[in-house]
Structure formats: structure tokens, C-alpha cells
1. Which numbered condition trips up A:Leu195, out of (1) in a strand (DSSP E or B); (2) out of contact with any helix residue (DSSP H, G or I) (no Cβ under 9 Å at 6 or more places or on another chain)?
2. Specify the residue that is surrounded by the fewest Cβ atoms within 10 Å (Cβ to Cβ); the eligible residues are those in the stretch A:91-104 that are at pLDDT 95 or above and over 15 Å from A:Pro6 (Cβ atoms).
3. Mind listing just one residue for me: the one in the stretch A:148-165 that is under 24 Å from the mean Cα position of the chain (by Cα) and either among the acidic types (Asp, Glu) or assigned to a helix (DSSP H, G or I) (or both) and, of those, nearest to the other protein chains (Cβ to nearest Cβ)?
4. I'm checking my understanding of the structure. Among residues of the stretch B:166-188 that are in contact with a helix residue (DSSP H, G or I) (Cβ under 7 Å, 6 or more places away or on another chain), more than 19 Å from B:Tyr353 (Cβ to Cβ) and of a type outside the set (D, E, K, R), which one is nearest to the other protein chains (Cβ to nearest Cβ)?
5. Which of the strands (runs of 3 or more DSSP E) found entirely inside the stretch A:242-345 contain at least 1 residues meeting this: modelled with pLDDT of 95 or more?
6. Tell me which residues, restricted to the stretch B:184-209, are open to solvent by less than 10 Å² (accessible area, probe 1.4 Å) and of a type in the set (Asp, Glu).
7. Considering only residues that are among the β-branched types (Val, Ile, Thr) and in contact with a Lys or Arg (Cβ under 8 Å, 6 or more places away or on another chain), which ones fall in the stretch A:334-378?
8. Part of a helix (DSSP H, G or I) and of a type in the set (D, E, K, R): is that true of A:Lys234 in this structure?
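The values are calculated or read from the model by the stated rules, or taken from the named source; none is laboratory data. The structure displayed is predicted, hence computed values, not measured ones. Note that we place each Cβ from the backbone using ideal geometry, even for glycine, and neighbour counts take in every protein chain shown. To get the accessible areas, we keep the full protein, side chains included, count just its heavy atoms, and leave off ligands, DNA and RNA. Shrake-Rupley method; radii C 1.70, N 1.55, O 1.52, S 1.80 Å.
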2 protein chains.
Amino acid sequence: MPQKFPIVIIGAGFGGLQAAKSLARSGKEVLLIDRNNYHTFVPLLYQVATGQIEPELIAYPVRTILRRRYGHFLMAEVEEIDFSHRVVRTNKLDIQYDYLVVATGSQTQYFGVAGAAEFALPMRTLEQAVTLRDRIFSCFEAASCLEPEHRQHLLTFAIVGGGATGVEIVGAFVELVRSRIRREYPSLNWREVKLILLQSSDRLLKEFPAKLGGAAQKYLQKLGVDIRLETRVKQISAQEVYLSNGQKISTATVIWTAGLEAAIPNSSQELITATKGKLCVKATLQSLTYPNVYAIGDAAYVEHLVKPLSGVAPVALQQGIAVAQNITRQMRGQKLKPFRYFNKGRLAIVGCYSGVGLIGKWKLTGILAWAMWLGVHLVYLPGLRNRLVVLISWLQTYLLGDRPVRSILASHRLLETAAIKTSNKHQ
Amino acid sequence: MPQKFPIVIIGAGFGGLQAAKSLARSGKEVLLIDRNNYHTFVPLLYQVATGQIEPELIAYPVRTILRRRYGHFLMAEVEEIDFSHRVVRTNKLDIQYDYLVVATGSQTQYFGVAGAAEFALPMRTLEQAVTLRDRIFSCFEAASCLEPEHRQHLLTFAIVGGGATGVEIVGAFVELVRSRIRREYPSLNWREVKLILLQSSDRLLKEFPAKLGGAAQKYLQKLGVDIRLETRVKQISAQEVYLSNGQKISTATVIWTAGLEAAIPNSSQELITATKGKLCVKATLQSLTYPNVYAIGDAAYVEHLVKPLSGVAPVALQQGIAVAQNITRQMRGQKLKPFRYFNKGRLAIVGCYSGVGLIGKWKLTGILAWAMWLGVHLVYLPGLRNRLVVLISWLQTYLLGDRPVRSILASHRLLETAAIKTSNKHQ
């Protein structure tokens with residue numbers, strides 16, 4: 001593999017992949033680097049976590065997407081970027097570049113909460129979603145062997161974070177416990193399952209207007225979810241969550257969706273960052289210091305109508321196209337154009353046939369928003385076969401109420417073994 | 001969960017699951033115990049290993065299969081069986097039984113070959129098939145970064161064992177390297193990929209007549225597979241295989257399909273075993289020592305026309321039905337019947353549209369046997385959705401030559417990192 005490329009992009013998420021596709025399509029030699037050999041379709045992670053679809057359906061091989069003459073891929077971990085020498089050092093090769101795009105996305109942020117990194121389960125990557133799925137079904141299996149007085153912590157699930165991710169996972173959880181699997185655990189009383197959604201601010205879905213956040217909250221409460229607003233987590237242990245108001249929740253599963261920060265690789269020269277560690281960029285998406293370095297997506301701090309753009313796929317996709325165009329202009333010695341975000345609207349899925357949406361000034365709630373959310377994501381999911389299989393899965397889960405994907409991998413059995421043996425000995 | 005069951009079955013493979021279904025259907029309370037919460041459809045493991053289908057498609061939840069009034073499931077590891085007290089001790093609960101069926105199947109056997117357990121990759125469980133898939137694609141990714149003189153060991157794959165499993169995996173490998181993925185690794189020369197099949201005896205497919213083994217061998221050799229008969233493995237290291245004839249193969253991937261032995265749980269009382277550690281049973285499938293204990297499938301030594309029955313699904317399925325009937329007779333105080341195996345024939349898939357088969361006296365080779373193998377296994381695969389999705393996958397792979405499932409999980413990247421960094425430093 002050559003060790004110099006005109007354009008190097010780090011990160012095969014929505015932004016980086018779009019930039020790579022756009023550049024390769026226009027005949028520019030581009031190298032895309034990612035630690036995984038697949039692109040993760042993040043919006044459907046929660047469906048992997050609740051057993052609706054197989055993980056591989058949302059993990060599309062990058063090489064297949066870049067199956068073009070000019071698109072190259074390197075599966076490697078970036079260890080450091082040397083901006084002054086224009087070198088990206090990875091755990092495999094060192095790559096020289098003329099132009100660089102940092103599209104490394106975001107990672108989970110724990111806000112320094114004690115025990116969170118160790119005991120809470122984030123849901124940002126495919127592996128984390130599979131781990132979460134395994135934990136959920138392990139808890140059901142473990143609880144099946146215990147008497148009711150010994151198993152409440154296994155049937156209580158705390159979700160930290162009331163944004164779109166927290167709301168969708170708790171809604172999917174309600175769908176799960178109402179699905180056909182109820183008939184498969186005869187020793188479980190499903191009324192014992194407690195879902196608790198913890199939100200630090202005063203409403204859910206802060207990115208949406210208050211009315212929509214309120215609608216989502218009302219609906220989830222009607223479905224039996226215990227929503228606690230203005231509640232922060234102080235500490236997490238293996239079987240408890242301690243809240244800032246002094247309360248304690250006994251639970252073996254804490255799902256962390258409370259915050260993200262930019263995932264910026266190490267660099268030999270400091271770059272200016274903003275909130276959540278995002279790189280500050282000009283309107284053209286260029287770094288403030290190095291005109292041949294760009295940043296997009298969750299890694300970049302870009303303002304829109306005074307507020308910073310939130311980390312959603314449409315933003316990253318549009319920035320991917322924009323950065324490809326600006327690099328092309330730069331290569332031709334032309335003037336660069338500032339990035340302008342075209343907001344097509346925003347949708348969030350709540351679950352149980354409900355969602356919320358904001359398109360222009362129209363506020364949507366209910367089954368229409370739900371169907372639109374599913375429809376949009378089905379269209380954008382890479383791979384015809386994947387779209388077909390996901391559609392079949394949705395028919396099965398939404399029409400038949402079934403859950404076909406429930407295998408538990410070996411390594412995650414540690415939890416239940418410890419929890420059960422201890423409980424069993426005390427019986 | 002009650003801790004006493006009239007009938008306890010250990011193992012949710014073909015035999016155990018069939019026995020549980022038959023008993024539950026006839027109104028007997030039965031508990032099925034397995035360390036996994038899913039039944040693995042083993043014949044399609046090799047398709048998971050070569051990226052044709054997702055692992056979850058062949059992992060069907062046991063609870064869904066036993067969704068009946070009398071069928072119960074416990075996900076646990078059996079630690080010991082106490083035959084005299086009629087107790088099965090697991091890592092969760094101790095279960096008392098009146099009747100016990102040992103259907104624990106088989107595990108990989110390494111014949112004491114040095115380094116085999118540590119470095120070779122078996123393909124007996126779902127996790128092992130996924131590990132193998134990850135290894136294969138990791139090797140391709142790693143080799144992409146290296147010059148030809150440094151990467152041969154990454155593109156050489158040794159398969160130990162020329163039975164049905166070895167033949168099917170090497171054939172699927174040929175399909176893989178001929179598939180569309182060729183276009184996705186521009187820095188690889190696919191002619192460098194070497195597939196070496198090592199067989200200790202003098203022909204492939206020893207369970208089939210010599211003519212069929214010969215046909216399979218001829219076909220694979222025409223496809224470019226290097227077949228070495230009467231070749232034993234003496235030692236395996238991280239990057240080499242040492243053969244008994246003094247030769248050495250430089251390879252980072254050794255796939256072990258050379259042997260299985262029965263996987264019998266520990267017991268407080270010794271049971272008489274035969275070849276491969278299988279439990280000796282009477283013609284009624286009862287243990288020789290304990291009339292209320294049965295053994296079936298790979299765990300049992302049963303003769304048919306003088307030879308021991310081989311470990312294939314039809315044998316286990318028929319024994320599962322037979323043991324259910326015999327336990328029912330025993331409960332009623334009736335005379336038990338000996339098990340008689342009805343041999344419907346045997347098929348093996350070779351790959352690239354070829355297979356072999358023996359049905360009665362008819363010997364089949366070529367595309368008819370291939371299509372029959374696929375058809376039979378599609379019909380027997382549990383789950384309508386799974387059958388539909390597997391069929392879609394086969395259309396995609398066999399008609400379009402594509403491979404959609406190629407994600408590599410994190411934990412398996414260790415191999416390529418070490419191999420590459422070392423190679424990179426020496427460049």
C-alpha cells in the first residue's frame with residue numbers, strides 16, 4: 001500500500017464516509033482510515049440492543065461502499081497526527097497526506113460520575129449495543145431462577161439521559177417487555193420490570209420544542225416508565241445507582257446515554273477546541289490553524305443560527321459533501337465556500353407506535369412521526385439486502401410482537417453467574 | 001423456579017431439543033438445561049465463518065422453541081451430576097430429577113498435538129465461527145498493508161481435517177476468495193491465497209464411499225486447493241504448522257476440524273465410556289448402570305450395522321424422539337423398545353456448486369447433491385424469518401457472488417496488530 005495519499009480521512013462514520021465517497025466519485029485519490037472495517041448505522045443501534053435486528057445488518061463493510069477506483073481503505077487505529085509534518089501515525093502504517101479530514105465522531109462522556117465508566121453500559125458502538133442486549137437477556141435468565149424478593153435489581157433498568165437516544169431505548173424496552181417473550185419466562189412476573197429514565201434537565205428531548213418533549217414524556221409515563229426529571233446521578237456501583245437527591249435505585253443495569261464528547265486523536269500540535277472537546281473550525285470547515293486540515297461531524301464545532309449544530313447524521317452527511325467540495329476547490333486554487341446547513345427537520349422515535357418530529361414549523365406526534373422515522377432510516381440504511389431484512393424484522397416485531405434475536409455471548413455471563421450464586425447461597 | 005423436575009435434559013442441541021419438544025408436546029414436565037440460551041444450527045456454522053450469513057440466523061432461542069406449557073428452560077453450566085442422589089448441580093441451581101437425558105454433544109479434540117489448543121481455530125460453536133470469520137478478514141486487512149514478501153503467512157490458510165466439516169469450510173473459502181470481495185482489496189493479489197487441506201488418512205470424507213471422497217478431492221484440487229493426504233500435524237505455533245513428514249507451513253490461520261470427542265459433564269459416579277469418551281448405552285439408549293439415565297447424540301456410543309453411529313443431526317434427532325418415547329414407556333411401566341436408526345442418506349457440500357451424497361445405494365456428485373444439501377438444511381433451519389433471510393443471503397452469494405457479512409469485532413484485532421507492527425518495523 002502506498003504510504004502517501006493526496007487526501008486522508010480519519011473516521012468512517014456518516015461524515016467521513018460521505019466525504020470519501022464524494023471525493024472518490026470525482027476522481028480524487030482518497031484514503032479512509034477507521035479502527036473498524038465497517039460503517040455503523042448508529043440510529044438503529046437501539047434495535048440491536050433490544051433484540052430486534054442482528055448487529056451485522058447495521059455494520060456495512062467500508063470496502064464495499066468504497067468499491068471505486070479512487071477510494072482506498074485502511075483498517076487501523078490512529079495513534080497520533082503530526083500536523084506540521086503532515087503525517088498520520090497509525091498502529092499499522094504512517095501515512096503522509098496533503099489534505100486531512102478529521103471525522104472521528106464522538107465517544108461517551110461520563111461527566112466524572114464515580115463508577116460510571118466501570119459499571120454503566122453505554123450504547124455508542126456496535127459492540128456496546130451487543131453487550132447491552134446480552135446484559136438484558138442475561139438479567140431475564142438470571143431472574144428466572146430466583147424468588148421475587150431476590151430479583152428486583154435484575155428486573156430494574158435505569159436509563160441515564162433523556163435525549164433522543166435515552167427516549168428511544170426506553171421505548172424499545174417497553175416494546176420488548178410487551179412482546180411475545182412474556183410467554184417464554186413462566187417464572188417471571190413482567191409487572192416486576194421497572195424502567196426508570198433519569199434526566200438531568202427539566203424536560204425530555206431538549207433538542208426539540210418543549211411541547212414535543214412533553215408529549216414524549218406523557219406517552220412514556222402512560223406506558224409505565226418512571227421518568228425523573230432534574231435528577232442527576234452521583235455514583236454507580238455494580239448493583240446500585242445513587243442520585244443527587246439522596247435516593248438510591250437498586251439495579252444491575254444502568255444504560256448510559258447522558259452525554260457525548262468529541263473523539264479527537266492525539267496530535268503533536270495542540271488544536272483549539274470548544275465545548276465537548278470539538279475542534280473549532282472556520283465556516284469553510286477548515287481548522288483555524290492548518291488550512292489543509294478539516295474537521296466535520298461530531299468532531300467539529302460549527303454554529304448554525306447562533307447555536308452549535310447537534311451531532312446528528314444529516315449534519316455530518318451535508319458536511320461530508322461540503323468538505324469534499326471545498327477540498328476540490330482548494331486543490332484547484334479556487335475560493336472556498338462556507339458551509340450552510342439545510343435543516344430538513346428532525347424526528348425522534350418514542351416507541352410503541354409513537355414518535356415526535358419537527359419539520360420546519362410543523363410539530364408532529366404519534367404514529368405519523370413514528371412511521372416517518374422508520375421510513376427515513378430504512379431508506380438511508382446501506383445495503384439492499386440489509387434494508388430488506390430489516391423490513392422483514394420490523395414486520396415481525398411490530399405486527400407479530402416477536403423478538404427473534406436473543407442470543408447471549410459467553411463473555412457476558414459473568415454478571416449473572418455472580419449475581420445468582422450469591423443470591424442462591426442466601427436462599 | 002421449582003427445583004425438582006420429573007425429566008431433566010442436559011444439552012439443547014439437535015438431540016436434547018427434540019427430546020424436550022417431544023416430551024413437552026405429550027404433556028410431560030421437562031426441564032432443558034444448556035449453557036447457551038439458544039440452539040445452534042451447527043451445519044451452517046461454516047457459512048457464518050466465511051461471511052455468508054449472520055450468526056444470529058443459526059442461533060434460535062430455546063425458550064421460543066419450548067414455548068409450550070410443559071417445556072421449561074434453565075440457562076446454566078452443569079458442574080456435576082450426582083447419579084445416586086439424582087441431582088444435577090449447576091452454577092445456578094441444583095435440580096432433582098426422576099429421569100435424566102445426557103445430550104451434551106461433543107467438543108473439539110486435539111489429540112495432544114502441541115500448540116493446537118492454543119493456536120488453532122476450531123469451528124464447533126457459534127462464537128468460534130465468529131472468531132474464525134474475524135481472523136480471516138483481519139488477515140486480509142493486515143495483508144493489504146504489507147508487501148508481498150512479508151504477507152504470505154497471512155494469506156495462507158491451513159485446514160486440519162478432511163471430513164465433511166473440513167471439506168465444506170475449504171470449499172466455502174474458495175467461494176469467498178472468488179467472490180466480489182476480490183475487487184475490494186486492490187493491494188492484494190488473490191493468487192497469493194493458499195488453501196491447504198491436511199488429512200491424516202488416505203482419502204477425504206471417510207464416512208462416504210471412496211468414490212465420493214475421490215470426487216470431492218478431484219474437484220477441490222481443480223479449484224486450486226492443496227490437498228495433502230496421509231499427513232499429520234505434529235505441532236502448531238502462532239505462525240507455523242509442523243507436519244509429521246518434516247515439512248513446515250507458514251500460516252497465521254490454522255482451522256481445526258480434525259476431531260471431536262464427547263462432552264460429558266463431571267459426575268460423582270463413573271460411567272462406562274467408549275471411543276471418543278462417549279457414554280456406553282443399551283439399545284434402549286439407557287445408561288448401562290442407571291436405568292433412569294439416558295444418553296443420546298454425540299454423547300452416546302450406539303452401534304448401527306456393527307459400526308458406531310456418526311455424530312450427525314439425523315441420528316441425534318431420531319434418538320431424541322426415541323428417548324422421549326422410551327421415557328414415556330418407562331413412566332407407564334411398559335417395556336422399552338431398542339433404538340433403530342433409519343438412514344435416510346447422507347450429503348456433504350463441497351462448494352462452488354458441488355456436493356456429494358449417498359442415498360441408499362445411489363451415489364450423487366455435483367450440482368444436484370449441492371442443491372439437495374442446501375435445500376434440506378434450509379427446511380430444517382428453525383424459524384421462518386431465519387429461513388427467509390438465509391435464502392435471500394444465498395441468492396446474494398450464489399447468484400451475485402457477494403459477501404455481506406464482514407465486520408470484525410474488536411477483541412480479535414490483537415492478531416493483526418502484532419503481526420503488522422513486527423512486519424512494519426522490519427521493512
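1. (2)
2. Of the residues in the stretch A:91-104, the ones at pLDDT 95 or above are A:94-104.
Narrowing further to those that are over 15 Å from A:Pro6 (Cβ atoms): A:94, A:102-104.
On the way: A:Asp94: 15, A:Val102: 30, A:Ala103: 31, A:Thr104: 28.
Among residues in the stretch A:91-104 that are at pLDDT 95 or above and over 15 Å from A:Pro6 (Cβ atoms), the one surrounded by the fewest Cβ atoms within 10 Å (Cβ to Cβ) is A:Asp94.
3. A:Thr165
4. B:Ser187
5. Result: A:248-250, A:253-256, A:293-295.
6. B:Glu184
7. Residues satisfying the conditions are A:Val356, A:Ile359.
8. no
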